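Down below is the structure, laid out as structure tokens.
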Amino acid sequence: MADLGEARRAKAELKATLAGRQDVTAVGIAPDDDGYGLLVRVRGDEVTARSADVPRVVHGVHVHVRPGGTVHAQS
């Protein structure tokens, strides 16, 4: 399992890899079994999330892909 530092480094790399993709709405760190993993939100439903072209592991850190909507800033 990845510790928080490993998850942060993996997140930075994954964000760079996914930069500019219209289907990705968020990349974050989430608890995962005995440590931390990454959570990627993509537009669409569960089927879309499962089929998204997103790495499932980055430097030993597990990546979970889930459906999500568009994120808007609040004013």
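The numbers here are math on the coordinates, done by the rules we state, and not lab data. Predicted model, so just to flag it, every value in this text is computed and none were measured. When we count neighbours, we look across all protein chains shown, and the Cβ atoms used for this are built from the backbone with ideal geometry, even at glycine.
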Worksheet entry | Note, ³J(HN,Hα) from phi for segment 47-58, Karplus 6.51, -1.76, 1.60, rounded to Hz, x at Gly and Pro | 5, 4, 4, 5, 9, 4, 7, 10, x, 8, 8, 10
Response to the item:
Computed over the chain, the Cα gyration tensor eigenvalues, each multiplied by 5 and square-rooted, give semi-axes in Å (largest first) of 20, 14, 12
Worksheet item: Percent antiparallel among DSSP beta bridges with both residues in the chain, to the nearest 5?
Response: 65 percent
Item to complete: Pull up all non-local amide H partners of Leu39: gap of 5 or more, or a different chain, and H-to-H distance under 5 Å with H placed in the peptide plane.
Response: Gly28, Ile29, Ala30, His64
Practice prompt. Enter the angle in degrees (range 0 to 90, nearest 10) between the Cα long axis of helix 4-18 and the first principal axis of the Cα atoms of the chain, meaning the one along which they spread out most.
Written response: 40 degrees
Worksheet item: Taking a point 7 angstrom from the Cα of Asp33 along the C-beta vector, which residues in segment 55-75 have backbone N less than 15 Å away?
Response: 56-64
Worksheet entry | Estimated FRET transfer efficiency when R0 is 25 angstrom, pair Met1-Arg50 (beta carbons, to 0.05) | 0.65
